[in-house]
1. Any idea which residue in the stretch 83-108 is nearest to the ligand (Cβ to nearest atom), counting only those that are over 25 Å from residue 158 (Cβ atoms) and part of a loop (DSSP other than H, G, I, E, B)?
2. What number of residues within the stretch 39-65 are in a helix (DSSP H, G or I) and either within 16 Å of the ligand (Cβ to nearest atom) or closer than 20 Å to residue 148 by Cα (or both)?
3. Return the total of residues in the stretch 54-94 being at pLDDT 85 or above and touching a helix residue (DSSP H, G or I) at 6+ places or on another chain (Cβ under 6 Å).
4. Kindly indicate whether any position in the stretch 154-164 is under 17 Å from residue 22 (Cβ atoms), surrounded by fewer than 12 Cβ atoms within 10 Å (Cβ to Cβ) and free of Cβ contacts under 8 Å to residues at least 12 places away in the same chain.
5. Which of the residues belonging to the stretch 109-152 are in contact with a helix residue (DSSP H, G or I) (Cβ under 7 Å, 6 or more places away or on another chain) and either more than 14 Å from the ligand (Cβ to nearest atom) or in a loop (DSSP other than H, G, I, E, B) (or both)?
Ligand SMILES: [Zn+2]
């Protein structure tokens, strides 16, 4: 990941008046994440959240960017991994669209929308992690998380639906 952007985000974080984390996610992008989770069921779907970081640290999702799960077949059910070249391609696309990577999404087939220990161990700070629960092929709960600064756990973010 881009180190400079990380430093800028830490600065943004310092400006944040409270610890309340929020992400703005429109119905269209929410539906795209749900549809991708259903399409890849019973495997985990994953992708990027592209948009912008607001000065107060809130994140705005402008687009979703679907990518494939790089894990081998039997592991695809419960953990996701994004290949560096796919992440790079997503970041290049974001750049040409005037967007930034603000986070990641993935599905939990037949499991809750709560990040796993694996997710925590592989998370980067400041990014949003949206998890959608897909049960028997149907997307259900969708929740957003950000890892705490001490990396000990995820804190849930409030999902705001922008008025259009
Ligand atoms: Zn997960």
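1. 83
2. Here the count works out to 1.
3. Qualifying residue count, the stretch 54-94: 5.
4. yes
5. Of everything in the stretch 109-152, those that are in contact with a helix residue (DSSP H, G or I) (Cβ under 7 Å, 6 or more places away or on another chain) and either more than 14 Å from the ligand (Cβ to nearest atom) or in a loop (DSSP other than H, G, I, E, B) (or both) turn out to be 126, 137, 138, 139.
The values are calculated or read from the model by the stated rules, or taken from the named source; none is laboratory data. Being a predicted model, the structure only gives us computed values, none of them experimental. Please note: Cβ atoms are built from the backbone with ideal geometry, for glycine as well, and neighbour counts cover all protein chains shown.
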